[in-house]
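Before any comments, here is the structure.
The values are calculated or read from the model by the stated rules, or taken from the named source; none is laboratory data. Keep in mind the model is a prediction, meaning the values are calculated, not measured. Heads up, the Cβs are rebuilt from the backbone with ideal geometry, glycines too, and the neighbour counts pull from every protein chain shown. These accessible areas exclude ligands, DNA and RNA; they are computed on the full protein's heavy atoms, side chains included. Shrake-Rupley method; radii C 1.70, N 1.55, O 1.52, S 1.80 Å.
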Amino acid sequence: MSLWEYANPVKFLRLSERVLPWLWGLSAVCLVVGLVWGFFFTPDDFRQGSTVKIIYLHVPSALMAINAWFMMLVASLIWIVRRHHVSALAARAAAPVGVVMTLIALFTGAIWGQPMWGTWWAWDPRLTSFLILFLFYLGYIALWEAIEDPDTAADLTSILCLVGTVFAVLSRYAVNFWNQGLHQGASLSLDKEENVADVFYQPLLLCIAGFVLLFFALVLYRTGTEIRVRRTRALIAREGKLA
Amino acid sequence: MELTVTDLAVGRGGVPVLAGVSFALAAGEVLVLRGPNGAGKTTLLRCIAGLQEPMAGQIAGAEDRIAYAAHADGLKSALTVAENLAFWAAVFGQSGIDQAMTAFDLHDLQDRRAGQLSAGQKRRLGLARLVVTDRPVWVLDEPTVSLDAASVALFADAVRAHLAAGGAALIATHIDLGLDAGVLDVAPFRARVDAVRSSDEAFL
Amino acid sequence: MRALLLRDLRLALRAGGGFGLGLAFFLIVIVLVPFSVGPAAELLGRIAPGVLWLGALLACLLSLDRLLAVDWEDGALDLLATSPLPLEGVLAIKAVAHWITTGLPLVVAAPVFGVLLNLASPGYGVLVLSLLLGTPALSMIGAFGAALTVGIKRGGLLLSLLVLPLYVPILIFGAEAARRGAEGLDPTTPLLMLAGITGVVLALMPFAAGAVLRVNLR
């Protein structure tokens with residue numbers, strides 16, 4: 001039994017229908033517990049006060065904004081190499097979710113930045129990179145919407161995603177070079193000592209888990225919708241020819 | 001030298017149009033494609049010309065040997081007749097355009113800009129392009145649109161000369177060119193629903 | 001290949017506006033800047049390198065949607081695709097022709113427009129050099145964008161939306177080099193980065209552009 005079996009749309013739908021309720025439920029539990037814990041049962045930061053608590057939305061959404069693009073990249077590669085329709089549709093389904101994650105990260109960042117840096121927006125490398133990522137998402141989605149033939153659209157957007165990835169990474173370095181910023185260092189990392197303190201850490205992990213599950217649920221759900229749209233199209237094409 | 005098409009299936013926008021098309025075209029032969037509008041003649045020709053992938057089947061002997069002409073002639077209205085032809089000759093690694101100018105009676109027009117030509121004259125210039133490519137297999141989609149009777153005769157002569165020189169031609173047309181041509185009606189090859197896996201098929 | 005280049009250049013010369021239009025647009029952008037930020041010479045001088053780069057970039061963008069659209073509409077692209085020329089080569093040549101008709105005049109005119117914006121005197125050489133290094137990549141990326149959107153009616157706006165984010169690194173390094181030049185700092189690092197990006201773009205982008213054009217032609 002191979003993973004590629006789920007490249008078959010029908011099998012994929014059947015699986016996702018079984019998995020989805022669990023994903024929705026688990027992500028809701030993680031998010032509710034994580035956010036309530038984070039907002040009401042952690043101490044205020046000694047420097048940042050209670051504003052630090054926006055971290056429970058900001059960090060997970062920022063992570064998912066990047067990971068959504070990464071998922072689109074992998075899905076695009078699978079489409080280019082193996083031409084599984086589900087893969088292309090999953091990439092298409094992930095893009096709007098990625099946009100929303102990027103927007104949440106940008107807005108919560110602005111809300112956090114106002115009391116901390118005294119400004120809603122600064123042309124800091126991280127902020128700027130996210131704005132550029134947002135533009136890449138917009139272009140990607142606009143290209144999908146502009147092309148009628150689904151296979152052509154899948155091919156073109158896949159290549160755009162590949163090229164876009166290279167340029168997004170390039171932009172990240174260029175932006176770093178252009179302005180050393182205000183943004184604090186990474187809140188989480190595996191190899192550094194200076195992670196955020198444990199009291200903040202545990203609810204944060206829960207929130208991240210919740211966002212990851214939410215992302216998968218949304219993408220599965222949207223992919224299912226895309227598959228049904230294509231299925232309808234195929235059925236209409238068949239009926240039309242029979243008539 | 002032969003163009004062989006075996007069990008070819010072609011589609012438009014992922015929907016199969018024709019399936020199971022097979023024929024062979026030898027040097028010195030003409031094959032005329034017939035069929036009602038929308039039957040898939042254009043799609044078949046584009047596929048043989050290499051502009052789109054077949055959905056199934058094989059095409060042998062087409063690689064780098066086809067001169068393709070369709071509804072649009074690819075002429076530049078700002079360039080003169082001679083410049084247009086010389087450009088295509090250079091693209092195909094040829095130099096002489098004289099023969100083509102004579103064949104389609106273009107000498108009088110040679111310094112006119114293509115934009116000032118009538119529709120029929122443009123068509124003649126577009127067809128003259130075939131001669132300068134020096135490719136053995138002509139794949140033509142409705143070549144006689146907007147040509148008058150005299151020009152059609154010129155065109156038929158050009159095809160004859162091409163065949164006599166060892167070339168071949170595959171032509172989708174509705175009029176009788178007076179050529180000794182085989183005829184292939186594409187209507188019987190209309191793709192049935194389940195004949196070919198279309199890209200949407202996976203979703204059923 | 002040479003024939004294609006010569007044809008495109010000849011067309012740009014004859015069929016109105018190829019050479020002149022981008023340049024005129026560049027000039028207008030530069031003229032509008034003092035109207036929008038005020039005529040203070042010191043301020044203009046400070047923003048001159050960035051404004052000149054931005055103007056050049058927008059002028060490049062302006063003519064991109066015609067890069068392939070004309071050949072697409074009159075069928076020439078189909079015929080070129082069935083010709084012995086590789087599609088990647090066709091696109092590279094088209095980008096070169098676009099650069100010669102749009103990018104090169106901008107490079108040449110930039111110092112003159114720099115005077116209008118009170119660009120500091122050490123900045124001129126670096127400005128020209130940075131544009132010379134950067135504009136070919138703008139044309140090549142533009143060819144990729146044009147190949148992506150060639151089948152779409154009124155794809156011009158979409159083309160801008162797709163291409164402009166790709167221009168970000170080039171703009172950053174180009175404008176940074178020009179700024180450092182104008183301030184008398186060492187512009188070597190951004191210039192090298194710019195040259196590197198342009199080199200990679202020129203080497204690889206024709207293949208990406210060829211791939212998407214092939215998809216659009218079928």
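Below are the figures for this structure:
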| item | result |
| --- | --- |
| Per-residue mean of C-beta atoms belonging to partner chains within 10 Å, peptide A:161-174 | 5 |
| Ratio of Rg to Rh over the stretch C:99-155 (Cα coordinates, Kirkwood Rh, two decimals) | 1.15 |
| Most positive-pole-ward Cα, A:G38, A:I54, A:V19, against dipole of chain A from beta carbon charges | A:V19 |
| Dipole magnitude of the protein assembly as shown about its Cα centre (Cβ charges: Lys, Arg +1; Asp, Glu -1), debye to nearest 20 | 780 |
| Enclosed volume per residue, in Å³, of the convex hull spanned by Cα atoms of the protein assembly as shown | 182 |
| Chain pair C, A: total accessible area buried, heavy atoms, 1.4 Å probe, Å² | 2100 |
| Gap separating the Cα centres of the stretch C:140-218 and the stretch B:84-133, nearest whole Å | 37 |
| Coordinate range along principal axes, alpha carbons of the stretch C:1-48, Å, largest first | 49, 19, 10 |
| Heavy-atom accessible surface that A and B bury in contact, both chains counted, 1.4 Å, Å² to 100 | 1200 |
| Chain-alone versus full-assembly comparison, the stretch A:127-154, residues with accessible loss of at least 10 Å² (1.4 Å probe) | A:I132, A:L135, A:F136, A:L138, A:G139, A:A142, A:L143, A:A146, A:I147, A:D149, A:D151, A:T152 |
| Surface share of carbon and sulfur [accessible, 1.4 angstrom probe, percent] for the stretch C:2-217 | 72 |
| Å² per residue, accessible surface of chain B at 1.4 Å | 41 |
| Accessible area in square angstrom per residue, chain C, 1.4 angstrom probe | 38 |
| For the stretch B:75-204, the Rg and Dmax computed from alpha carbons only, in angstrom | 18.0, 60 |
| Kyte-Doolittle mean at least -0.5 and Cα axial length at least 20 Å: DSSP H helices in chain B | B:119-133, B:149-164 |
| Ranked packing of A:154-160, B:20-26, most packed first, by mean Cβ within 10 Å | A:154-160, B:20-26 |
| From phi via Karplus (6.51, -1.76, 1.60), per-residue ³J(HN,Hα) for the stretch B:14-30 in Hz, x at Gly/Pro | x, 9, x, 10, 10, 9, x, 7, 9, 6, 10, 10, 9, 4, x, 10, 10 |
| Pairwise Cα inverse-distance average, inverted: Kirkwood Rh of the stretch C:54-116 (Å) | 13.2 |
| Dimensions in Å of the stretch B:1-151 - Rg and Dmax from alpha carbons | 16.5, 47 |
| Total accessible surface hidden between C and B, rounded to 100 Å², 1.4 Å probe | 2000 |
| Shielding score for B:62-73, defined as the mean number of other chain Cβ atoms within 10 Å | 3 |
| Virtual spin-label span in nm between B:D7 and A:W4, 7 Å along Cα→Cβ | 2.2 |
| Label point distance in nm, A:L77-A:F40, each placed 7 Å from Cα along Cα→Cβ | 4.4 |
| Ranked packing of B:138-150, C:171-183, most packed first, by mean Cβ within 10 Å | C:171-183, B:138-150 |
| Two-decimal Rg to Rh for chain A - Kirkwood Rh, Cα set | 1.03 |
| Stokes-Einstein translational diffusion, the stretch C:2-217 - Kirkwood Rh over all Cα pairs, 1.306 mPa s, 10 °C, in µm²/s | 90 |
| Additional length obtainable on full extension of the chain from B:A161 to B:L179, 0.36 nm per residue less Cα span | 5.3 nm |
| Protection proxy ranking, peptides C:91-103, C:155-167, average beta carbon neighbours within 10 Å, highest first | C:91-103, C:155-167 |
| Average partner coverage of B:140-149, which counts Cβ from other chains inside 10 Å | 0 |
